Each structure stands twice: as structure tokens, then as C-alpha cells.
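Quick notes on the structure that follows.
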Amino acid sequence: MSELQTIDVAALFAEKPEARAAVDRAIGAAIETEGGFGISGFPGADDLDRRTHALLRFFELTGEEKRQVATRAVEPAGQRIYRGYVCSFDADNWAHNEFFDIGPEAPVAGPPIPGMEIFAETNIWPEREPAPGWCDLMRRHHRDLQRVSLAVMMAAGRAFGFDETAFRARFEGGNSTLRLLNYPRPPQSAQDKERALEMRLDEAGEMLAAGRHCDVAGLSLLWQSGPGLQAEAPDGTWQDIPSTSNSISVHLGDVLSIMTEGRIPATPHRVVDHGATRQSIGFFLEPALSARLAPLGAANVPEERPGAGTYGWHLMSVFNARASHQDLVPAPE
């Protein structure tokens, strides 16, 4: 199985137009041939691994401490629905992981749709920091990856001939998500092993920790503690994403595909279970809740209903369709 290529994107953050154009071309070629790519050389890359390991200390908190910041999908008395801690350790649940989400410190409200306020929730923080300065480090990491992801998305847009200003306008004021993920080993009873095999084996007999999916966002930046993450190329083959020092992989999302009418296709990806505890960090670059998802350059069409056709409307529809959130997130009306 081949590996996804890694592109040095340092030129995207320097004032050298020719070097930047070369990176744009490399990104465009990688999207066309491989569907995704890894990146290195971005601001803060030299310190990425140290920083991520510090952030992942969240999972060293006790179960009770984590439940104090849990969403209502886990804890009915929880204070949040969209931001906070979620775990999927139920034996009947396909996934066996836990994660913690934050967004910007000052989230921007969306269109006037009942329930839209869920997606502009403020962050909730553990009462006891996993390590001194941990909350500030989370905020800083969110800001840094917002900058990196936006620069990479602009490069992808330029590579396919899209107007940079139009792209940027839709993502200004977006409530992008930083997610810490932990995949502990599942229960080892014979019954649980058999159930896991039934639920998590793919058609080729590969055991998966996360099934094939595309992310809802514009694009995702994913860091992994070890091998397992794979991206699907346009020809349908799976490519391993190398687990190398201070690098992250880029996966294009559904939103970008919608905005570009499929010219920049979303990157299907999955996680193969290698039988070891796994951790990762994802950053999901999101448009503003009020941003239209019509193709870039399309004429403005009057909304049939307030907020129809916006990213917020799309997000509400996606979450309402999930069994875990049907009773928490209303369908947009």
C-alpha cells in the first residue's frame, strides 16, 4: 500500500510569490492524484509533537472530571450539546473512543433559526487543568491551526482557479473545531470481541477503528500518534498516511466540495485498528454559520426560509440525522 505524500508548505507563509505558486501546484496535483496530502514546514511545526502530547493529557483526567465537561449526548445534565466531552464506550456502539471539542473563545452566532444557538456555544473547560497552562495552550493551538488550515485551503482554491477573496469571505467568523481524540483498547471478553468483529470488519477483512467517512468541514488537519489513518485516492485505493514527526495530514471536506461543485472533492478517510491504543488531534476549518453553501460565484438567490442554504442550516441537518443527537438538535425549519 502506498503512502500519501508530504508537502512543505513554508512558502505559504512567506512573501515569495513564485515559491508560493509552486506549493499551490503541488497541492493541486496531490488532490487530483491522491485525494489528500500531508504538510510540514508550517509555523510551529518544529514544536508540534511536544505540544500535542501536552494537550492529550486531557485524557489523564478522572472519569468524573471528564464527565463534568461532558455534552448532553453523554451526560443528560450536561451544560453543552456541541462543545465538550463525548465518549462512545457502550458495547453496542460501533466506535470505541472519547473526544473533547473546543471552538473559538468568542463564537459567532448564525442565522435566526430555532436551535442554531447550539452551534455557537462557548467553550467549557475542566475544573482542574491536566497540566499548568493547558487551557491557554488549547486556545493557542486552535488559533495557530486556524491560520494554517486557512492558508492551505486558499492554496487549494488557487490551484483550481478559484477566487481567494470569495473563499476567505465565507470562512470569516467561522466557529472552527479543535478536537482531542483517544482510542483506548476495547473490552477483551470473547462476546465483545465477536461483536466488534461483526461491526468493525470491512469488506476486505480489515479491522477498523473509524469507518470510511468525509468530514463536514471545509478541510481537516489531522495529527496521529501512530499509524492507522488512511485516505482514499480518486481511483478507490487506500493510502497510508505516514506517522512522521511534526507533520499533519490534510483532508478536504464536504463543504469545500459543495462550494466548488466537486472540483475540489472531499477526501474519504478511515482508521485501521492495529491493536494498539491510539490518540489523535483534529482541526476542522468551518465556514461562518451564516455563509451560503452555494457554488462560489453563483448568483445570490433569495432564501425560501431564513437561513436556508447556509452552513448553519447544513450543520443542523447533519446533526439531527445522527441518532445520538436527534433529541438534542432540531431539524432546521
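The values are calculated or read from the model by the stated rules, or taken from the named source; none is laboratory data. Treat the numbers as computed from the prediction; the structure is a model and nothing was measured. Here the Cβ is made from the backbone with ideal geometry for all residues, glycine too, and neighbour counts use every protein chain on show. These accessible areas exclude ligands, DNA and RNA; they are computed on the full protein's heavy atoms, side chains included. Shrake-Rupley method; radii C 1.70, N 1.55, O 1.52, S 1.80 Å.
Please name all residue pairs, on different chains or six or more residues apart, with Cβ atoms under 9 Å, provided the first residue is in the stretch 48-66 and is open to solvent by less than 40 Å² (accessible area, probe 1.4 Å) and the second residue is basic (Lys, Arg) and part of a helix (DSSP H, G or I).
Hits for this filter: ARG51/ARG140; PHE58/LYS66; PHE59/LYS66.
Looking at the stretch 167-183 only, could you name the residues that are farther than 17 Å from GLN224 by Cα and either in contact with a strand residue (DSSP E or B) (Cβ under 7 Å, 6 or more places away or on another chain) or surrounded by 14 or more Cβ atoms within 10 Å (Cβ to Cβ) (or both)?
Result: PHE167, ALA169, ARG170, PHE171, GLY173, GLY174, ASN175, SER176.
Go through the residues of the stretch 298-309 one by one and say whether even a single one is out of contact with any Phe, Trp or Tyr (no Cβ under 9 Å at 6 or more places or on another chain), open to solvent by 50 Å² or more (accessible area, probe 1.4 Å) and touching a residue at least 24 places away in the same chain (Cβ under 8 Å).
Yes; the residues of the stretch 298-309 include at least one that is out of contact with any Phe, Trp or Tyr (no Cβ under 9 Å at 6 or more places or on another chain), open to solvent by 50 Å² or more (accessible area, probe 1.4 Å) and touching a residue at least 24 places away in the same chain (Cβ under 8 Å).
Which one of the conditions (1) surrounded by fewer than 24 Cβ atoms within 10 Å (Cβ to Cβ); (2) touching a residue at least 60 places away in the same chain (Cβ under 8 Å); (3) farther than 18 Å from ARG168 by Cα does ARG263 fail to meet, given that it meets all the rest?
(3)
Could we say that PRO227 is open to solvent by 40 Å² or more (accessible area, probe 1.4 Å), over 19 Å from GLY103 (Cβ atoms), without any contact (Cβ under 8 Å) to a residue 60 or more places away in the chain and touching a strand residue (DSSP E or B) at 6+ places or on another chain (Cβ under 7 Å) here?
In short, yes.
Residues to consider are GLU117, GLU129, GLU164, GLU121; find the one that is without any contact (Cβ under 8 Å) to a residue 60 or more places away in the chain, touching a Pro at 6+ places or on another chain (Cβ under 7 Å) and open to solvent by 20 Å² or more (accessible area, probe 1.4 Å).
Result: GLU121 is the single residue among GLU117, GLU129, GLU164, GLU121 that is without any contact (Cβ under 8 Å) to a residue 60 or more places away in the chain, touching a Pro at 6+ places or on another chain (Cβ under 7 Å) and open to solvent by 20 Å² or more (accessible area, probe 1.4 Å).
Looking at the stretch 142-191, which of the residues that are of a type in the set (Ser, Thr, Tyr) and either more than 16 Å from GLY218 (Cα to Cα) or out of contact with any Ser or Thr (no Cβ under 9 Å at 6 or more places or on another chain) (or both) is modelled with the lowest pLDDT?
Out of the qualifying residues, it is SER189.
At pLDDT 90 or above, within 27 Å of PRO184 (Cβ to Cβ) and open to solvent by 30 Å² or more (accessible area, probe 1.4 Å), is that true of ASP254?
Criteria not met by ASP254.
State whether the residues of the stretch 137-153 include one that is under 30 Å from ALA14 (Cβ atoms), open to solvent by 30 Å² or more (accessible area, probe 1.4 Å) and of a type in the set (Gly, Ala, Ser).
No, there is no match, as no residue in the stretch 137-153 is under 30 Å from ALA14 (Cβ atoms), open to solvent by 30 Å² or more (accessible area, probe 1.4 Å) and of a type in the set (Gly, Ala, Ser).
Is it the case that the stretch 274-287 has a residue that's assigned to a loop (DSSP other than H, G, I, E, B), of a type outside the set (Phe, Trp, Tyr) and modelled with pLDDT of 95 or more?
Yes, there is a match, as at least one residue in the stretch 274-287 is assigned to a loop (DSSP other than H, G, I, E, B), of a type outside the set (Phe, Trp, Tyr) and modelled with pLDDT of 95 or more.
When residues of the stretch 240-251 are filtered for being of a type outside the set (A, V, I, L, M, F, W, C) and open to solvent by less than 10 Å² (accessible area, probe 1.4 Å), how many remain?
Of the residues in that region, 2 qualify.
Could you list, in sequence order, all residues of the stretch 231-285 that are among the aromatic types (Phe, Trp, Tyr), farther than 13 Å from ILE39 by Cβ and within 14 Å of the chain's Cα centre (by Cα)?
Once the filter is applied, which keeps residues that are among the aromatic types (Phe, Trp, Tyr), farther than 13 Å from ILE39 by Cβ and within 14 Å of the chain's Cα centre (by Cα), the stretch 231-285 yields only PHE284.
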